[in-house]
Amino acid sequence: MNEAMFGAMCLPLPVKEFRFAPPRRWRIDYAWPDHKLAVEIEGGAWIGGRHVRGSGFMNDMEKYNELTLMGWSLLRFTPRQVKNGEAVATLHRWFNEQGTESRRPRADDSVIR
């Protein structure tokens, strides 16, 4: 996911690799700090990547729990969900349920916002 994609999806632009909970060195793939929304793209789910093996899984749970205790919402997606549009649909739903402006792009949208 990149800046042009978020603009084309008519979503607010996130902060990439957002650091939180200093002095911890935790980062969130995409964050909307003003909305306290965090998104993690969980790679390696089907190949036994770091995030699904023992210590990596436990470290992620610690990070996610701290984020939640700080009052944030966390959405997690696989790369497949990003590619098939499920992540975008969920992000639109989240922003709309929060009362934040978000709309699905129209066929006549030719300018990236």
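The values are calculated or read from the model by the stated rules, or taken from the named source; none is laboratory data. Model, not experiment: these values are computed from the prediction. Using ideal geometry, Cβ is built from the backbone for each residue, glycine included, and neighbour counts are taken over all protein chains shown.
For the stretch 63-99, residues that are exposed (fewer than 13 other Cβ atoms within 10 Å of the Cβ) and either more than 14 Å from residue 37 (Cα to Cα) or not β-branched (Val, Ile, Thr) (or both) total 11.
Quick grid of which residues meet (1) within 24 Å of residue 20 (Cβ to Cβ); (2) modelled with pLDDT of 90 or more; (3) touching a Cys at 6+ places or on another chain (Cβ under 6 Å); (4) not small (Gly, Ala, Ser):
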{"residue": "59", "(1), (2), (3), (4)": "yes, no, no, yes"}
{"residue": "66", "(1), (2), (3), (4)": "yes, yes, no, yes"}
{"residue": "76", "(1), (2), (3), (4)": "yes, yes, no, yes"}
{"residue": "84", "(1), (2), (3), (4)": "no, yes, no, yes"}
{"residue": "91", "(1), (2), (3), (4)": "yes, yes, no, yes"}
{"residue": "95", "(1), (2), (3), (4)": "yes, yes, no, yes"}
{"residue": "103", "(1), (2), (3), (4)": "no, no, yes, yes"}
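For the stretch 10-29, the set of residues classified as on the phi > 0 side of the Ramachandran plot, part of a loop (DSSP other than H, G, I, E, B) and touching a strand residue (DSSP E or B) at 6+ places or on another chain (Cβ under 7 Å) is empty. Selection of first residues in the stretch 29-56 that are under 12 Å from residue 16 (Cα atoms) and modelled with pLDDT of 95 or more and of second residues that are outside any loop (DSSP other than H, G, I, E, B) and aromatic (Phe, Trp, Tyr), restricted to Cβ pairs under 6 Å at least 6 apart or on distinct chains, gives the following pairs, ordered by first then second residue: 31/18; 39/30.
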